[in-house]
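Okay, so here's the structure we're looking at.
Derivation of every value follows stated rules applied to the coordinates shown; laboratory data play no part. Keep in mind that this is a model prediction, so the values were computed, not measured. All Cβ positions, glycine included, derive from the backbone under ideal geometry; neighbour counts span all protein chains shown.
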Amino acid sequence: MTEQPADAPRNPMADHVINKIGLHAPDPDGPCGNRLHLHVSPMVLEDDGHVDFGVLGVFCDMASSQAVDMGPFLHADISINRIARPTGERLFATATALRSGKRTTIVHLEILDDAGVRVAESTQQIVTMKPSPEMAAAMHDGDREAWRKRFMSAFDGECRLDGRLHDIIGIEREPGGTTCRMSLSGASRNGFGGLHGGVAFDLVTEAAVGAAGESSQPGGALLRYLAPATVGPFRAVPTAHARDDGSTFAMVEVIDEGQDDLRCIVAEVHLTTPTHPTKA
C-alpha cells in the first residue's frame with residue numbers, strides 16, 4: 001500500500017470496507033493487467049459459493065466509475081443480479097455507459113471472472129454531486145487526479161476482512177423477528193457522509209432472507225435511493241411474498257431512525273431456494 005505524504009488530508013473513506021474486500025487497482029505493467037478487479041478469497045464468498053451480496057454491491061458501486069469520468073457521484077439506483085458462482089481467482093467488471101447526461105448517467109456492468117464465468121450483471125443510475133467538505137479537503141481543493149491516485153493506491157488486492165461483511169458493518173436482526181438494524185460507521189460511510197450504496201445491499205438482503213426463510217438465497221436485488229441516509233441507526237423492514245414457482249419476492253424499506261424515521265431506501269429482492277448443497 002502506497003504511503004501518503006505527511007501533509008495529505010485524510011481520506012474520509014480510509015476505514016471503509018471498500019479498502020478491505022480485496023479490490024485491486026494494479027500498475028499497468030503488473031501481472032494482473034491494468035483494470036480494476038476483485039481478488040476472490042474465501043471471506044468474500046457465501047456458504048453456497050456465490051459472492052457475498054454486500055461485497056458484490058461494493059464492487060459494482062466502485063466499478064461503475066470506469067464507464068465515464070464523472071468525478072464524485074452518488075447512485076439513484078443500483079440493480080444487481082447474481083448469475084453463477086465464480087470458479088476463477090479474480091472478478092473483472094466491464095462498464096458501459098448506456099446514456100450520459102449533464103448530471104445523470106446510466107451504466108451497465110458485466111461481471112466475469114478470469115475463468116470466463118459470468119458471475120453477475122448490474123445496471124445503475126448515477127448522479128454527479130459536489131464533494132462533501134471532507135472529500136473536497138482530501139482532494140486538495142480540486143486536484144482530482146492526485147486525490148484519485150491516493151484513493152486507488154489502497155486497492156492492492158489483499159483481503160483484510162476479519163469476518164463476514166454483515167458482521168463487520170454491524171447488522172443485527174431483531175430477536176425472533178425479521179427486521180434488521182445497523183448503525184453508521186467508518187466501515188459503511190461513503191465520501192459524502194451517508195450510508196454507502198453498495199454496503200446497503202448487505203443490509204437489505206439480510207433482512208429479505210430473514211423474511212423469506214433462512215434456506216433462501218437472494219439472486220437479484222434492486223435498490224432505489226430515495227434520500228441520503230446520514231444519521232442512523234438504520235432499520236430494514238422486509239415484507240415477503242411467496243411466488244407460485246416456489247421463489248420469494250421481498251420488499252425492503254430502509255428507515256433512518258436518526259432522521260425522524262425518514263424512508264431512505266426501497267429495495268426489491270428476489271430469492272430462491274438453493275439447488276446446490278452448501279459448503280460444510
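How much FRET efficiency would the formula 1/(1 + (r/R0)^6) give for residue 247 and residue 97, where r is the Cβ-Cβ distance and R0 is 30 Å, rounded to 0.05?
0.40
Label-point separation (nm) for residue 185 and residue 115, each offset 7 Å from Cα along Cα-to-Cβ?
The two pseudo-label positions are separated by 3.3 nm.
What does the highest-first list of 184-197, 108-121, 223-236 look like by mean Cβ count within 10 Å? Numbers along the way, then the final one.
On the way: 184-197: 21.5, 108-121: 18.0, 223-236: 19.6.
Final packing ranking: 184-197, 223-236, 108-121.
Counting Lys +1, Arg +1, Asp -1, Glu -1, what net charge surrounds residue 227 among other residues with beta carbon under 9 Å of its beta carbon?
Surrounding charge for residue 227 is 0.
Can you find, among 98, 220, 120, the residue farthest towards the positive end of the dipole of the stretch 17-272? Put +1 on the C-beta of Lys and Arg, -1 on that of Asp and Glu.
The residue sitting most towards the positive pole is 98.
Around residue 267, under 14 Å between beta carbons, what's the net of Lys plus Arg minus Asp minus Glu among the other residues? Let's see the in-between values first.
Working: positive: 224, 235, 263; negative: 77, 202, 206, 253, 268.
Around residue 267, the charge tally is -2.
About the Cα centre of the stretch 17-272, how large is the charge dipole given +1 on each Lys and Arg Cβ and -1 on each Asp and Glu Cβ? Please answer in debye to the nearest 20.
Dipole magnitude for the stretch 17-272 comes out near 680 debye.
Rounding to the nearest 20 debye, state how big the charge dipole of the stretch 48-121 is about its Cα centre with +1 on each Lys and Arg Cβ and -1 on each Asp and Glu Cβ.
320 debye
For an R0 of 35 angstrom, estimate the FRET efficiency from the Cβ-Cβ distance between residue 83 and residue 260 and round to the nearest 0.05. Intermediate values should be presented prior to the final figure.
Numbers: r = 39 Å, r/R0 = 1.13.
Computed FRET efficiency for residue 83 and residue 260: 0.35.
I need the per residue convex hull volume for the stretch 17-272, using only the alpha carbons, in cubic angstrom as a whole number.
Considering the Cα atoms of the stretch 17-272, their hull volume per residue is 127 Å³.
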